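The values are calculated or read from the model by the stated rules, or taken from the named source; none is laboratory data. Here the structure is a predicted model, which is why all the values come from computation and not from measurement. Cβ sites come from the backbone with ideal geometry, for glycine too, and all protein chains shown count toward neighbours.
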């Protein structure tokens with residue numbers, strides 16, 4: 001049995017107010033996390049889809065992988081140091097796994113999504129982007145490295161994310177650009 005002295009009750013304890021304020025603090029932290037992630041998502045999702053398309057994914061597959069990657073990023077948001085590089089790396093690896101699994105994509109997306117509001121408009125979008133067939137004609141490593149470069153990453157960043165040397169990245173970018181430039185020149189001469 002304990003004996004309570006005046007001033008010993010929870011109303012006088014230094015711990016009680018902190019406990020009452022703790023849910024507010026958790027709510028504020030959660031709200032700050034949600035706002036930071038939301039801003040990152042809005043700024044990154046479309047370019048992430050484009051990055052995957054540049055690596056050879058169809059727009060449907062790229063949107064699916066990008067959404068899955070963003071969900072994973074949200075779950076790990078507090079532990080990710082470089083979120084832009086992290087989502088590009090995770091999405092790139094997911095695309096490679098999907099390609100390796102030889103999963104057959106569906107012909108049509110059954111319903112519109114926030115990333116693909118008009119699924120039928122994708123063919124028209126791809127037709128307007130003449131560079132896509134040229135990128136898809138590159139060897140996989142050149143296409144991958146060029147997609148990273150087109151997304152604004154430096155050769156050093158790319159080397160770090162893909163586990164390559166800086167020189168190998170620069171050589172792949174050079175070869176890819178030379179091949180694309182050659183294909184554009186051939187196409188123009190043929191017209």
Residue list for the stretch 168-185, restricted to those being at pLDDT below 85 and either under 14 Å from residue 144 (Cβ atoms) or in contact with a helix residue (DSSP H, G or I) (Cβ under 8 Å, 6 or more places away or on another chain) (or both): 180, 183, 184
Contacts under 8 angstrom Cβ, first residue in the stretch 43-71 being within 13 Å of residue 132 (Cα to Cα) and not assigned by TED's automatic domain parsing to the domain that holds residue 89, partner in a helix (DSSP H, G or I) and at pLDDT 95 or above, 6 or more apart: none
Which listed residue is at pLDDT 85 or above and not in a helix (DSSP H, G or I), from 36, 57, 43: 57
